[in-house]
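Notes to accompany the following structure.
Any read-out appearing in this document is the output of simple, stated calculations on the displayed coordinates, not a laboratory observation. Keep in mind that what you see is a predicted model, and the values were worked out from it rather than measured. Backbone-built Cβ (ideal geometry, glycine too); neighbour counts: all protein chains shown.
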Amino acid sequence: MANCSSKEVDVYTPTPVALKIPELFQQKLITPVIPTNNPLTIEGIALGKKLFFDPILSKNNTQSCASCHDPKKAFTDSTQFSDGVDGKFGTRNSMPLFNLAWNFDDKFTWDGKEIGLENQALEPVRNPIEMHSEWTNVAQKIKNHAEYPTLFKQAFQTSKIDSTLITKALAQFERTLISGNSKFDQFLLAKTQLTLEEQNGFDVFMDETRGDCFHCHGSNNNPLWTDNKFHNNGLDTFFTDLGLGNVTGDPNDNGKFKSPSLRNLKFTAPYMHDGRFATLEAVINHYSTGLKNSPTIDPLMKKVNSGGVQLSEKDKADLKTFLLSLSDNEFVNNTQFQE
């Protein structure tokens, strides 16, 4: 453990800690990305967790990060759009938070606007339809707090408190949010068996003549269950939200959004960047018969001219059963991730 003098905590040395990497991730040789300027420590993670659940980050001390990223819902929100401290609503569904240390392109949010997990945490605090605060005000409140100054000294060996260190602590905690123990993980580790329905659902997922889902969302060889890339998946013919195109300014990127992980779908409804689908059945029906063409439609949406992949009712039901086998009950019930 770290040591501190009897008089001051200024000489406190943070304790390095390694992520607990799931067995399957280790087998697939998937290495997490940890910035060299923000190594994980016991003290930094604990500070980040405290900040994540503390409404002190918001303008009127009523909302925390967890208000829109509920641990019981795999760190997302059950509503289509989350409301901010002023009662205003956004236009995108809150993204779930897990396995963020394996986001290899380091682009975060639905449109990839934020580069790096530390930078991602800057926006919600100052966004007028979210926490609607100012970072200088937040830092001052934390400096005046009874506990935080000591916790920051322990985590970062400095009496300075600013947005950079606050977001570094938040990012440390968020990188520990690892989900890797679903039924399908256990199946791949030869510790359980799939039902016939789950096996057929997986076959549908992998079959290019049926579901054809694996190109964007990974496979048994990719435990992240996402390619972490941006796609136009045929939601709209005309775009009210340009997605990646609004970030890059390239019209070829219009309507493209980040592929979310398919883990924990049991907990993360509603679905899509704008939460338009309330159920998994609606999502599957979209890919089966609801695809819409547009100039930037992803080439992987091969059946767009037919409206979709035209799954049978049985294949749709079995695909849903397989997708639910990717849900990790241990993750959403892990008390280390709860307030």
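Annotations
- Convex hull volume per residue for the stretch 168-222, taking Cα atoms only, in Å³: 104
- When both the stretch 109-168 and the stretch 292-328 are represented by their alpha-carbon centers, they are found 40 Å apart.
- Full extension of the chain between Thr15 and Thr31 yields a length gain of 3.6 nm, computed as 0.36 nm times the residue separation minus the alpha carbon distance.
- Whole-Å distance, taken between Cα centres, linking the stretch 235-252 and the stretch 16-57: 33
- Short-range pairs are left out: with C-alpha atoms under 8 Å and at least six residues apart, the relative contact order of the stretch 1-141 is 18 percent.
- Here the 3J(HN,Hα) profile of the stretch 244-249, calculated from phi with Karplus coefficients 6.51, -1.76 and 1.60 at θ = phi - 60°, is 4, x, 6, 8, 8, x Hz, Gly and Pro shown as x.
- Shape of the stretch 192-232, Cα gyration tensor, a/c cut at 1.5: oblate
- All C-alpha to C-alpha distances of the stretch 238-318, sorted into 5 Å bins beginning at zero, yield P(r) values of 3, 13, 19, 23, 23, 12, 5, 1, 0 percent in whole numbers.
- The modelled label-to-label distance between Lys314 and Thr335, using points 7 Å beyond Cα along the C-beta direction, is 4.6 nm.
- One quarter of the surface of the convex hull around the alpha-carbon atoms of the stretch 186-312 equals 8.2 nm², the direction-averaged projected area.
- Surface/4 of the Cα convex hull for the stretch 110-186, nm²: 7.5
- 5 angstrom amide H check on Glu114, placed H, neighbours 5+ away: Phe108
- Note: relative contact order over the chain, using C-alpha pairs below 8 Å and six or more positions apart, is 20 percent.
- Computed from the C-beta positions of Asp250 and Glu147 and an R0 of 35 Å, the FRET efficiency is 0.15 to the nearest 0.05.
- Computed across the chain, the Kirkwood radius stands at 21.2 Å (inverse of mean 1/r, all Cα pairs).
- For the pair Asp105 and Phe89, label points projected 7 Å from Cα toward Cβ lie 2.9 nm apart.
- Lysine pairs in the stretch 110-254 whose alpha-carbon atoms fall under 15 angstrom of each other, counting only those eight or more residues apart or on distinct chains, come to 7.
- For Lys256, residues with placed amide H under 5 Å, excluding near neighbours: Leu244, Gly245
- Base-10 log of normalised Debye intensity for the stretch 1-108 (one unit scatterer per alpha-carbon) at q = 0.14, 0.17, 0.20 Å⁻¹: -0.80, -1.04, -1.19
- Using a cutoff of 8 angstrom between alpha carbon atoms and counting only pairs six or more residues apart, the relative contact order for the stretch 273-324 works out to 38 percent.
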